[in-house]
Structure formats: structure tokens, C-alpha cells
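The values are calculated or read from the model by the stated rules, or taken from the named source; none is laboratory data. Keep in mind it's a predicted model, so treat the numbers as computed, not measured. Every residue, glycine among them, receives a Cβ derived from its backbone with ideal geometry; neighbour counts consider all protein chains shown. SASA here: full protein model, heavy atoms, side chains in, ligands and nucleic acids out. Shrake-Rupley method; radii C 1.70, N 1.55, O 1.52, S 1.80 Å.
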Amino acid sequence: MGEGTAGMRLVERDSQLAELVRYAQEAAQGAGRLILLSGEAGVGKSALLAAARRDLTAARWSWSACDGLFIPQPLGPLFEVAEQLGGTLAQRCAAGGERAELFRALMQELGSARVPDVVVVEDVHWADEATLDLLRFLGRRLRDVAATVIVTYRDDEAGGDALRVALGDLAAQPSTRRIRLAPLSADAVRILAEGSGFAPDEMFRLTAGNPFYVSELLQAQTRGVPASARDVVLARAARLDAPARGALETAALLGAKVELPLLAALSDAAGLDGLLASGLLVADGMWLCFRHEIARLAIAEAVPAHRCLLTHRRALEALYAEGCDDEARLAYHAEGAGDAGAVLRHAPAAARHASRLGARHEAAAQFARALRFSDHAGPAERANLYEDLADEQVLLDRCEEAEAAAQQALALRREIGDRLGEGEALARVSRITWNLSGSQEATAWMRAALVVLEPLGPTVELAGAYATLAQQRLRDADYENTIVQARRARELAARFDATAALSVAWYTEAVASARLGLEWADLMHHALKIALAGRHHDQTARAYIALGSINENRLRFADAERFLAEGVAYCDEHDLPGYNLSLHTCQMHVCERTGRWDEAVALAEQIFSEAGPLPLNRHCALVRLGTIRARRGIAGFWPYLDEAAATADAQSEPQYQVKSRLARAEAHWLAGHSAQARQAAESAIGPGAAGTPTERGAVAVWLRRTGSQQSVPGVIAEPYQHMLDGEPEKAAALWAELGCPYEAGLALLDSGDEQLLREAYGTFVELGATATAQLPRRTLRRLGVRALPTGPRDTTRQHPLGLTRRQQDVLDLIADGHTNAQIAERLFISAKTVDHHVSAILAKLQAPDRAAAGRIARSGMRTTVI
């Protein structure tokens, strides 16, 4: 439903209009604002913006909108704004610049004029993924720019997961302000209905105060109140003469924004005159815009099928004649025209363009559009489309749909006797199947791929298959064989300059080497360099994940956080939600190990909301959340740990098995269930023996802690070795130096020294680990100590305003004048995480902005969180 209430008075909108103007005035002073303007469809968002524009005449306004008609052109609003702003931004858009370059160019253009900028992006509920990323980019950087970005969206529709996540990210930015428009009251409707002949109470009952419905009812002047907006719009359209109705139908099929020259080419002059007089559309330069999207939809859906076909066909011919190069638009009209050949030309091209810009949902939708017409394509072309669709769906973490598409491609390759293509298709199915059902089925697919490919001799496809085989051996913890397979893949890939397979091979050898305690960092950085140069987005993301996770496993948390922050930024920019999920999982591990449990819990909950149906995506969050709840004595942790254990066993993943089994050992140990704790710890010996020194150390320490007489072979990481050697103080000191307070506290439990036990108790209380805190407390009581605090002391252990330690760190840096980017660099966290912290700090301090928060901190509110 659109927003056209321009013919009505603005009623019950004074406070929202005042807020909007005030925020824009604040931005004009250099405190940039991103305003989220929301409300149900037809509530009057556009009318409010029009009123604000009348009040804010000393600003440079740029208007854009997301189109809900068809699969949108990625970054459509950016290109619309570029046409209005001109300058370097317009030049780079015209030159087909890279996405990141375009984002930066827009940022540079904003605030560059002598007057403040106001940029409007309407109907973001229809935004493509790349546009949502653009809004995130702006939201993080607006605070010091004399510009206002106003984003409108409907909050009465689902809008999709991508929109919900983006709105959550935007809302967390300090520069963001929210304005929500509610429906009109009965009194307001009564005011608007005066003199119309409508009964105000009946009008309110029918419309529930929605300004769109009210406006349409009033303008239609129809007796017998229509039951829906469709009836209202069609009744109004029926009053037009035949030429005007024809122009209206044509405009509805062309889109929410219609180029006047194109509409004129498809309609007669009399029809255009009648259409413009109807008030259903409004003129905006050389464009016509429907006042309400629901009106356009109602009209478009009422057009008979044969006229739809003819209109789309004529539109396509007109666009060809004017040299239109918008592949997405051409694909839309080609589909409407039933022109299979045109769909197969334009939809794949639009998909690949969207993929290059990181708009993966749009890319997948365009490949799906092409496949709807693939009966008119040859089997090889159909196979290509299914393979491209499968690859996009993998990047979107839609592995079940990806498997179905990959199987279709495989069948087609077999049908045409394309043995090379068949081998590659088998390898693709193997990769996807691994994520769905584990190693056994995936291994069988890979064996089949090699049976086909190896007799064909050295090929790029064989190099890719060897690289995939190496990855599978890696996940089976067969590290020596992994390196053999990776080097074989690397040698073959280098021969053909197959950089994707080459990056995979370097990456896989690096991870296997790290697991074996060999040199790995140079290998991984080389893999990252190749992936970045080749623009292999998935391989780049994997390299960042590995750099973060390996450093975390080796207890190098600062390095881990730096690489993870870089990886998150990269995946945000290139629309890689599945890989971002893995990066957030690694960040969660770092937060848990370094005592930032609240952050770890928040990340775990975020992972649950984004994980989708794949069990392994949930596993680590289940372990961390279950473990923290057990340590804190919060009921209901066993379902988390049970699901994690079942997932790890079903997938036969040694690394996952170690984590879930040791978590169960700790939970039993905390509950005093010695036999069950020992059994769980001993069950981790098998998978732990193939692990890293850190993983073996964790298993060895839990074996000792639970009273087991068994051991785990291999080298043990230093802090664990000190614990096994009976040197708890050395172990605790090293854990503390590494920034791991909980492990330091656990090490001190073995000391038997009153002062050290008190220190352990204080550490656990500080972390909120009330269940674990009972262990040193009981030991101290057995030693005869009676003077123990029962919990945290407010004056020393709790921040007066409820800030966490990390939030206090961020606040101190704000007070010292650091930007969010500088804070992220100093604390080795992502800019997005800093933004979340700043938002939480502002809420807790009740500060309107970061400058006010800094003043509060400098006035004496800095408090060390113990």
C-alpha cells in the first residue's frame, strides 16, 4: 500500500513532524542522523516527508525508492540518488564502479554541499540485499556528517529476515533515531470525514484509522462503502474513460515509478491526460509515481492476461529501442511478455550482475526466473543455470535448495554425456551434501566424482575435486592425508591458474598444518591473498574464519579478534550470511574465553536466530550457552548440551565432539555427579587425541579434575601442562596473562591455599558463575574459613550504571575522543560490535549521543569494573 494522502490534511502528526525536523536540524549541525520512519502500509509516511520538505527548505533533498514490482536492480536507490547529486558519485555509477567504491563515493558526496543533505530512501521493505548493506554502511559513518538519511518501511509486513537483521543493525547505531506513525484516532477520522457524506463511525470501523483507506474512500466518493482497498481503487479507476484506463493499466504494469517517455510511447495522449487528472499518480519530473503501491497492484492484477502479455511485449520492444541496459528490468518484462528467449538472455545476466554486487538473494531469484523458462534452453544451458543457482544458494546458506539444484544439474550433465561436467557436478553435490548429512554420503559422492574425472586426465575440474577431497579429509581429522591431497590439488590448480581451487588448497593445507602443530600462518595468508585477488568471496571468508579460529585455539585472542573483525566487515560487504555466522561463532568463543560472557550469550542468541536448519550451525552456540548457564546456576541448560552432543555425534566431527563432551563433563562436575563427569571426560579422549595442544590440554585437565586415571597422548598447551604438573599458581598466572579469568579461577581451585581460593571465589562471583563459586566456597569452609561474602559487593563488583567491563572500556575511549573505528582497532573488535556497545551505553547512561556520554564519563563516572 502506498502513502498517498497528499489530498488530506495532516492530522495527528504534529509531534512526529516536529521530531523529524529537529533530527534533521541536529544533522545540519554536524551530528548526522539516520531516521527510521515506520508504520503500517498507507499510514502517511510519504505525506509526513512532504510536510518536512516544506519546512526544511534550506537543505539539498535527494529522493529514491525501492521498487516492489520485480526483482530490483541492485543498489537502485543509490543510482537514483547519484543522478540527483551528480559529481564523482554519478561518474563512478556511470562507469560501473565496484560496490565498495560507490559506497565511499556517496559518503564523500554527503555533506559536501553548502547546505545540509537530506537523502530519502522509501519502501526499504522491498530493498535488495546490496541496498540494505549500503544503509548499514551509512549508518556506521553518519554521526560526524551534516546529512540526514531517512529510511521508510512498513512494519506491518514480515519483510524477510534480511530486512529484520538490517533494521536491528541500524537501530543499534548511535546516529539512528526512530519515528513510528500510528493509525489515526476516531476523532481524527471524524475531522477528515466532515462534509463528505460518510458516517465517521462507519468510516473508522472500515479503515481502522488507516489514512490510505480514509483517503481512498473520500476521493472515490462511492456510496456503498468498499470492503477492501482493491475495491476502492478499482471503483475509482472505473470512472476513467477507456484511454485513461488503458494508460493506467499500462503504468501499473510498468512499475511504481514510470518513465513518462516510455508511458507516452505505449499510450495515447488523451489517455495520459485523463490519467494525470485522476490523481492516482503524481508527477515527479520525467517520472510518474503511484501514490499507493496497493493501488498499482490492484490495477495490475485486474488487467486481463492477454493485455498483460501485449503490454509487457510492447514495453520490452520500447526498452530495446531506447537502448535500455537494465538487465533486471528487461528480464521482468520479458517474463511478462512470455518471451523465453529474452528471459534466458537477460535474467542470467541480471543474476551475475547482482552476484558481483553482493546482492545474492536477487541473483538467486534471477537464476530461478531463467529456469522457469529453461524448457526453451538446451540441456547444457539448463545445467549451467542450475549450477549457478546452487552456488548462490550455498552462499545464502540454503543448502537443501542448493542440493536439489545441483542434482538437477548432475542429471542434465549425464543426459548429454558431458563426462567432465558430470565429474564437476558430482564434486559440487559432494560439497553440498557434506553440510547437510555429514561425511559418509559426501565421501561416496566424491569417490564417484574422481571415478569420472581422473580418467579424463589433468583438468581444472579435477583440481577442484582434489581440493574438495582435501577439505573432507580435514574434517575427518585425517591431517597427514589432508596435506597430501591439498598439495596434489595445489599442483594441478597452479598448472591451470585455477585460483579458486588454488586458494582452497592453500587454505586446507594451512588448517591441517595448524592442527598438527606445524607452520601454518604463511600458508593461510597466501590463501587469503589469492582469494582476495581472484575475488573468490567464499574462499576469502573461509580464510578469515580460519585465521580467527586458529588464533583463538592457540589462545592468541587479540589476533583472533582482529581477523574476525576484518572477516565480518568483508562478509557484510559481500552478502555472505553463512560465513558471517561462522565468524560470529568464533567471536562468541573468544568472548567466552576472555570472560565477556554477556557478549558471548548475546552472540549465541544471535546465532540461533540466524542459523537456519543446519545442525552444525547451532552446535557451538548450544555448547557455549549451555555451559555458561550451567556455570551461572541457571536452570534449563541440559537441553542445550544434549542437542549439541547429539549433533556432534551424528556428524562425526571430532572438534565438535570434544567441545560438547567436555561441556557435559563440566556440567556434571558442577552438579557433583562425579561418575557422570568422569565418563563424559573420558569420552573425549578419542576425538581429543587428534586435536591441537589446546584441545588435548583441555581433555587432560578435565580427566584429572574428574578423578579419571586415563590420559590423552600428545603435546599439551603450556597453561594446561602447569595444571597437570601440580603448579596451579603458574597456570593461573598464565591464564590471567592470556585474559582468561575463568580458567585462572579453575586453576586456583587446586591450590588449597586460602588466599588463592578467595581469589578464585572472587573471580567466579565477578563472572556471575554462582554454581562454580560454590566450589571454592565449600573448600574454604572445610578449611575453617567463615568470613566469606555471600555475593558481589555493589561498591566494588558492580558498575553503578550497570555497564559491563567491555562497555566501560568503550566509554573510556569515547571520553578520550576516539571514534568508533579507532575503538574497534584499539580493542580488536568489529566496528559493528563497537556500535552495539555504544548503543547500550547510551541507553544505560540515558545519554542522547556519544558526546554526552563522554561528558558523563569525564565528570567522574568512570568506574573500574572488577
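At a glance:
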read-out	value
Where only alpha carbons of the stretch 681-733 are counted, the Rg and the Dmax (Å)	10.3, 30
T250 accessible area, 1.4 Å probe, all protein chains in place, Å² to nearest 10	10 Å²
For q = 0.10 Å⁻¹, Debye-computed log10 I/I(0) when each Cα of the stretch 281-383 counts as one equal scatterer	-0.33
Assigned charges on the beta-carbon of Lys, Arg, Asp, Glu; the stretch 1-160 dipole about Cα centre (debye)	620 debye
Heavy atoms of H526 accessible to a 1.4 Å probe, total area in Å² rounded to 10	70 Å²
Protein-only accessible surface order, largest first, of D268, D155, D397 at 1.4 Å	D268, D155, D397
Relative frequency of Cα-Cα separations exceeding 18 Å in the stretch 88-163, percent	46 percent
Neighbour net charge for L469 - beta-carbon separation under 15 angstrom, K R +1, D E -1	-1
Residue-normalised accessible area of the stretch 43-118, expressed per residue, 1.4 Å probe, Å²	41 Å²
Zero-based 10 Å bins, Cα pair distances in the stretch 536-667, whole percents	14, 44, 35, 7, 0
Cα-centre dipole for the stretch 659-776 with unit charges at Cβ (Lys and Arg positive, Asp and Glu negative), debye to 20	580 debye
Hull-based mean projected area of the stretch 594-747, where the convex hull spans the alpha carbons, in square nanometres	8.7 nm²
Where trypsin sites (Lys or Arg not before Pro) fall in DSSP loop in the stretch 71-124, at most 13 other Cβ within 10 Å	R114
Estimated dipole of the stretch 564-661 in Debye, rounded to 20 [Cβ of Lys and Arg +1, of Asp and Glu -1, Cα centre]	580 debye
Dimensions in Å of the stretch 631-673 - Rg and Dmax from alpha carbons	10.7, 30
Longest to shortest principal axis, alpha-carbon extents of the stretch 395-501, angstrom	33, 29, 24
Interatomic Cα distance distribution for the stretch 347-437, bins of 10 angstrom, percent	19, 49, 31, 1
Relative contact order computed over the chain (Cα-Cα under 8 Å; 6+ residues apart), in percent	8 percent
Share of carbon and sulfur in the accessible heavy-atom surface of the chain [1.4 Å probe, %]	51 percent
Computed over the stretch 33-73, the ratio Rg/Rh where both radii use C-alpha atoms and Rh is Kirkwood	1.02
For Q710, net neighbour charge (Lys/Arg +1, Asp/Glu -1) across residues whose Cβ lies under 15 Å away	+4
Charge tally in the Cβ shell below 12 Å around S62, where Lys, Arg are +1 and Asp, Glu are -1, S62 excluded	-3
Segments 580-592, 173-185 sorted - mean Cβ within 10 Å per residue, highest first	580-592, 173-185
Span from the the stretch 413-430 Cα centroid across to the the stretch 36-102 one, whole angstrom	45 Å
Given charges at Cβ of Lys, Arg, Asp, Glu: the chain dipole, positive-most of G209, P719, L56	P719
Ellipsoid semi-axes in whole angstrom, largest first, where each is sqrt(5λ) of the Cα gyration tensor of the stretch 712-785	22, 14, 10
Stokes-Einstein translational diffusion, the stretch 617-704 - Kirkwood Rh over all Cα pairs, 0.692 mPa s, 37 °C, in µm²/s	261 µm²/s
For the chain: Kirkwood Rh in Å [reciprocal of mean 1/r, alpha carbons]	30.3 Å
Crossing angle, helix 615-631 versus the chain [Cα axis fit, 0-90 degrees, rounded to tens]	60 degrees
Relative contact order (%) - the stretch 513-559, alpha-carbon pairs under 8 angstrom, separation at least six	29 percent
Mean projected area in nm² (Cα convex hull; one quarter of hull surface) for the stretch 1-117	8.4 nm²
The stretch 16-99: relative contact order in percent, alpha carbon pairs under 8 Å with at least 6 residues between	19 percent
Residue-span extension gain [T819 to A182] - 0.36 nm each, minus C-alpha spacing	225.7 nm
Percentage, to the nearest whole number, of Cα pairs in the stretch 98-209 over 16 Å apart	67 percent
Debye log10 I(q)/I(0) at q = 0.12, 0.18 Å⁻¹ for the stretch 504-587, Cα point scatterers	-0.29, -0.67
Listed residue (L254, L734, L462) projecting farthest to the positive dipole end of the chain, Cβ model	L734
Helix axis angle, 693-705 relative to the chain longest principal axis, alpha carbon, degrees	60 degrees
Cut-off under 5 Å, modelled amide H: who pairs with T176 long-range	L34
With Cα atoms, 0 to 90° folded angle of helix 242-254 axis to the chain main axis	20 degrees
In nm, spacing of pseudo-spin labels at R164 and A635 (7 Å Cα→C-beta vector)	2.8 nm
